[in-house]
Amino acid sequence: MKQKKTPELGWVTMTVVPLAQAKNGSRLSEDVFTKRGNLLLEKGKVIHERERQLLHAFMITSIPLENGTENDLSEMTVDAPSSDHSSTLDDEIKVMKDLLKRVFNLIASGQPVPILEIRLQLIRLLDHIDEFQVLLNEKKDIGSDYLFINSIYVAMTSYLLSKWHGLPQKDWLPVALGGLLHNIGHAKVDASIFERKEKLTAEERDHMQKHTLMGYQIMKNVPAVNEGVKYCTLQHHEREDGSGYPMGVTGDRIHPYAKIVAIADIYQAMISNRSYKSSQSPYLVLDQLWEESFGKLDPTLVQTFIIKVTSFSKGNLVKLNDGSVGEIVFFDRDNPTRPWVKVGENIINLVVERKMYIQEVLTR
């Protein structure tokens, strides 16, 4: 039994007990995190069989429980196994892709969303977040798997943006979950429309846009998922000026999670190859995101995203739009998408040479 001093209550008692001895109905006195900092269960969470399964899956053998008095918040880091050390980011992406395919099939047949399984695999995926490079267009020719792979990349990008922007650590995993499931409504949409090369009719476009409403209907009654995750399914196409869909709400009514997922979704979609379009240069996409931030997207989030993504780029080898290859030698914070590039003995200042731009990032 431990004691802890809080400003409100003075000294209170906290009990750390073996998981096997924790009674159903016990309540956590502190947040429980994995070794990587991902929140597993929040302070105040009542322990039932589902929570036991989650804790057991990460080999958490003891938990802090309330002992009759509400405790103040104190984050507790609990050692948990990382993903199999032999696995890679690509391995975990493949597992997640297969899981999402199965989830879509379950939803299409009217079965419940296996949210615990999804969350466990997401944590395993995020254990490899250090291997993920937002600026590099690493997607292969993914064809019919686009919807699933894109959701995975949006999840990882959203996780990083929430971290970079200074959201509380407890929000990082839920934001990533919102990114992973933002397009879950497509499980109820005619798949043939999604990959249509021709321009959609007004009726087809309306049907496509309903994936936001359908996604929210799927998620709204899923237990153990916070409201922000659910709003990501509904609001990831809403825009600050009210020009988005499905509700046309303005920025003050868009959930912060959905604002993050919207930026990640736009970025990942634009750098991807699709059946009806080629991928774009990530630097040009960042330029377009900056333009979109004036009225369409949250400008502070876009600024954070652009600065953080490009600040890692000094020393990168890049290909310019004229086919030449060079190395980034100077990063201008005021013009983050237009660094100085050394090609041979020449240094090209892309701020000055406006017709030139980075076509492709080759290495980091």
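Take S29 and tell me if it is crowded, with 19+ Cβ neighbours inside 10 Å, farther than 23 Å from I115 by Cα, modelled with pLDDT of 80 or more and touching a strand residue (DSSP E or B) at 6+ places or on another chain (Cβ under 7 Å).
Judged against the criteria, S29 is a match.
So which of V225, V249 is at pLDDT below 95, surrounded by 16 or more Cβ atoms within 10 Å (Cβ to Cβ) and part of a loop (DSSP other than H, G, I, E, B)?
Step by step, each of V225, V249 is checked, and only V225 is at pLDDT below 95, surrounded by 16 or more Cβ atoms within 10 Å (Cβ to Cβ) and part of a loop (DSSP other than H, G, I, E, B).
So for the range 189-206 (the condition being assigned to a helix (DSSP H, G or I), open to solvent by 10 Å² or more (accessible area, probe 1.4 Å) and either in contact with a strand residue (DSSP E or B) (Cβ under 8 Å, 6 or more places away or on another chain) or β-branched (V, I, T) (or both)), does at least one residue qualify?
Within the range 189-206, one or more residues are assigned to a helix (DSSP H, G or I), open to solvent by 10 Å² or more (accessible area, probe 1.4 Å) and either in contact with a strand residue (DSSP E or B) (Cβ under 8 Å, 6 or more places away or on another chain) or β-branched (V, I, T) (or both).
Condition (residue is polar (S, T, N, Q) and open to solvent by 10 Å² or more (accessible area, probe 1.4 Å)) applied to the range 260-273: is it met by at least one residue?
yes
Can you find, within the range 59-75, the residue that is modelled with the highest pLDDT among those that are under 20 Å from R119 (Cβ atoms) and either surrounded by 19 or more Cβ atoms within 10 Å (Cβ to Cβ) or touching an Asp or Glu at 6+ places or on another chain (Cβ under 6 Å) (or both)?
Looking at the filtered set, the residue picked out is I63.
Cβ-Cβ distance below 6 Å, separation of 6 or more or different chains: which pairs start in the range 249-260 with a residue that is in contact (Cβ under 8 Å) with a residue 40 or more places away in the chain and end on one that is part of a helix (DSSP H, G or I) and of a type in the set (V, I, T)?
From residues that are in contact (Cβ under 8 Å) with a residue 40 or more places away in the chain, the pairs are Y257/V175; I260/V175.
Which residue out of I118, I129 is over 22 Å from S311 (Cα atoms) and touching a helix residue (DSSP H, G or I) at 6+ places or on another chain (Cβ under 8 Å)?
I118
From the residues in the range 329-356 that are assigned to a loop (DSSP other than H, G, I, E, B) and open to solvent by 60 Å² or more (accessible area, probe 1.4 Å), which one is farthest from S281 (Cα to Cα)?
E345
E227: touching a residue at least 24 places away in the same chain (Cβ under 8 Å), under 16 Å from K296 (Cα atoms) and among the acidic types (D, E), yes or no?
Spelling it out, it is not the case that E227 is touching a residue at least 24 places away in the same chain (Cβ under 8 Å), under 16 Å from K296 (Cα atoms) and among the acidic types (D, E).
Restricting to the range 282-316, give me the number of residues that are more than 18 Å from the chain's Cα centre (by Cα), open to solvent by 10 Å² or more (accessible area, probe 1.4 Å) and among the polar types (S, T, N, Q).
Total satisfying the criteria: 2.
Checking G295 against (1) outside any loop (DSSP other than H, G, I, E, B); (2) at pLDDT 85 or above, only one condition comes out false. Which one?
Only one criterion is unmet by G295, namely (1).
The values are calculated or read from the model by the stated rules, or taken from the named source; none is laboratory data. Quick caveat, the model's predicted, so the values are computed rather than measured. Reconstructed Cβ throughout: ideal geometry from the backbone, glycine too, with neighbour counts over all protein chains shown. Side chains included, ligands, DNA and RNA excluded: accessible areas come from the protein's heavy atoms. Shrake-Rupley method; radii C 1.70, N 1.55, O 1.52, S 1.80 Å.
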